[in-house]
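Chemist: I'd like to ask you about the structure that follows.
The values are calculated or read from the model by the stated rules, or taken from the named source; none is laboratory data. Remember, it's a predicted structure, so these values are computed and weren't measured experimentally. Backbone-built Cβ (ideal geometry, glycine too); neighbour counts: all protein chains shown. Side chains included, ligands, DNA and RNA excluded: accessible areas come from the protein's heavy atoms. Shrake-Rupley method; radii C 1.70, N 1.55, O 1.52, S 1.80 Å.
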Amino acid sequence: MRAVPILAALLAGFPAAAAEYAALPAAVFNSVLPADGIAASARIAAFAMRIEPVTNAQYLAFVQTHPAWRKGSVPAALADEGYLSHWASASAPGDQALPEQPVTRVSWFAAQAYCESEQARLPTWYEWEYAAAADAQHADARADPQWRERVLSWYGRPSGAALANVGGAADVHGIRDLNGLVWEWVDDFNALLVSADSRDQNGADTMKFCGAGAVTMQQKENYATLMRVAMLSALKASDTTRTLGFRCVRPL
Amino acid sequence: MKRLLLGMLLLLMVGHTLAEAPLPGASVYQLDVVLTDQEGRDGYWADRRGQVQLVSMFYTSCSMVCPMIVDTMKLTAQAVRAPGRAPLNVLLVSFDPTRDTVPVLHDYAQRRQLPAPRWTLARTASPTAARQLAAVLGLQYRQLPDGDFNHSSELILLDADGRIVARTNVIGRVDPEFVQAIERTLADK
């Protein structure tokens, strides 16, 4: 069974090494989204994360063994019309989707199915935010102005430019490209409950949400991360965009 | 009783005929999920194809807006004027399959007087499946450390093929526009 995707990838002319994962220790993490909506830290169990986002070559190997996810075969409820639209065809990504570039224009459902095929799942927001807080020296570099600068300078880069290949500098955990390459899906993107417009949380619209009140965002100075939360929570699960990819995690 | 059985048989046959036409791409039934109802019966989510229905998600230990969601669904179903048509079916799926077991859903349906078969209270086999169902319906929720959930409160109208025809976040009273959408959809069927 394992040989099938590898064989398919060889036939397609792409190398498909087994995805590499790196371990992250358990942590009590101060997220920009307090766990209780007020101030509680998130408790994160140890997990392993893919060191790089999923590439076009890897995604091609997946669709060849999971034909339901081929370009042109996915129903609109599970992926919008932009799904893999930059791929030349269902079996050959072509010049606009090079083998080592991260795969983008994939929906949340597609990303979930891919991770499942790797005996993994999408990271939760807390897992992703915790991993992305690292730099080359520290597990949590968020207080470092340089860390913020780097994240924000990426946001400011023109979005028309071609995506770089995966394989940026490794952080202290050995993980690459969390910041600065593509946006990434998280499993609970529809759980972040933060409207891009905070006025929605007031008045009549409070009824939109049931529970212990609206979630407040902490660490207002950390707007680099808050922007990502706003972007993710504005998405629908069938949405695909040119700069949105994903990676997977596994429990340890 | 005989007539009821005959009616059910007819309904099954109609459902079967419809199921043979290809499912529209935008249908929420494109998602492959199994639901278990308050009687413990398993069925594919897509088996609900063939009926216009009102759908929302909830959890039984919720003491805040959820009882109001149920009340609003009751009021909405009552407000529908659709002469000669079967009453509107209502489906509530739990965000919390860990605690909302079949007996818990069964108790809740009895306590809140939500009679089967018109009302279906259901759970998914896993939290992942609940998240997928919420995603395809465009509902948001988040579990808090104390076990409660924050979630969007919306009623969703599905047509017989599982397309989302209308949604409302008016809770606590009937949304007249939403009721009109239900009446139009029932008439189209």
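Chemist: How large are Rg and Dmax for region A:19-251 when calculated on the C-alpha trace, in angstrom?
Modeler: Cα-based Rg and Dmax for region A:19-251 come out at 17.7, 51 Å.
Chemist: Given the whole protein assembly as supplied and a 1.4 Å probe, what does the accessible area of residue A:223 come to in Å², nearest 10?
Modeler: Rounded to the nearest 10, that gives 130 Å².
Chemist: Additional query: Nearest 500 deg cm²/dmol is fine: what mean residue ellipticity at 222 nm does chain B get from its DSSP H runs of n ≥ 4 alone, each adding -39,500 (n - 2.57), divided by its residue count?
Modeler: -11500 deg cm²/dmol
Chemist: Total accessible area buried between chains A and B, 1.4 Å probe, in Å² to the nearest 100?
Modeler: On the way: alone 12350 and 10380 Å², together 20420 Å².
Buried surface at the A/B interface: approximately 2300 Å².
Chemist: Additional query: Tell me, what % of the accessible area of region A:19-251 is carbon and sulfur with a 1.4 angstrom probe?
Modeler: Its accessible area is 53 percent carbon and sulfur atoms.
Chemist: With the crude spin-label approximation of a point 7 Å out along Cα→Cβ, what separation in nm comes out for residue A:153 versus residue B:118?
Modeler: Once both label points are built, they end up 6.5 nm from each other.
Chemist: Next question. For residue B:117, what is the net charge nearby, where nearby means another residue's Cβ is under 14 Å from its Cβ and Lys, Arg count +1, Asp, Glu -1?
Modeler: Net charge around residue B:117: 0.
Chemist: Ordering A:50, B:111, B:48 by how much accessible area each has at a 1.4 Å probe, largest first, what is the list?
Modeler: B:111, B:48, A:50
Chemist: Which percent, to the nearest 5, of DSSP beta bridges fully inside chain B are antiparallel? If you can, show how the numbers build up before the last one.
Modeler: On the way: 16 of 26 bridges.
Just about 60 percent of them are antiparallel.
Chemist: Would you tell me the accessible area of residue A:185, worked out with a 1.4 angstrom probe on the heavy atoms of the protein chains, in Å² to the nearest 10?
Modeler: For residue A:185, solvent-accessible area is about 0 Å².
Chemist: I want to check the label-to-label distance for residue A:117 and residue A:227. Put each point 7 Å from Cα in the C-beta direction and report it in nm to one decimal.
Modeler: For residue A:117 paired with residue A:227, the spin-label model returns 3.3 nm.
Chemist: Okay, next question. Using +1 at the Cβ of each Lys and Arg and -1 at the Cβ of each Asp and Glu in chain B, identify which of B:76, B:121, B:170 lies farthest towards the dipole's positive end.
Modeler: B:76
Chemist: Per residue of A:186-192, how many C-beta atoms from partner chains lie within 10 Å of its own C-beta, taken as a mean?
Modeler: Counting other chains' Cβ atoms within 10 Å and averaging over A:186-192 gives 5.
Chemist: Further question: Hey, if we sort A:173, B:151, A:138, A:66 by accessible area with the 1.4 Å probe, largest down, what's the order? Walk me through the numbers before you get to the answer.
Modeler: On the way: A:173 35, B:151 0, A:138 95, A:66 70 Å².
Output order, biggest surface exposure first: A:138, A:66, A:173, B:151.
Chemist: Which whole-number percent gives the relative contact order of region A:117-198, counting Cα pairs below 8 Å spaced six or more residues apart?
Modeler: Normalised by residue count, the contact order of region A:117-198 is 37 percent.
Chemist: Please arrange A:152, A:84 by accessible surface area, largest first, computed with a 1.4 Å probe and ligands excluded. Walk me through the intermediate numbers first.
Modeler: Working: A:152 45, A:84 0 Å².
If we order A:152, A:84 from most to least accessible, we get A:152, A:84.
Chemist: Shifting gears a bit: Residues of B:148-155, mean number of Cβ from any other protein chain within 10 Å of their own Cβ, rounded to a whole number?
Modeler: 5
Chemist: OK, next. Averaged per residue, what accessible area in Å² does region A:19-251 show with a 1.4 Å probe, protein chains only?
Modeler: Per residue, region A:19-251 has 41 Å² of solvent-accessible surface.
Chemist: For residue B:98 and residue B:63, compute 0.36 nm times the residue count separating them, minus their Cα-Cα distance, and round to one decimal in nm.
Modeler: In short, 10.9 nm is gained.
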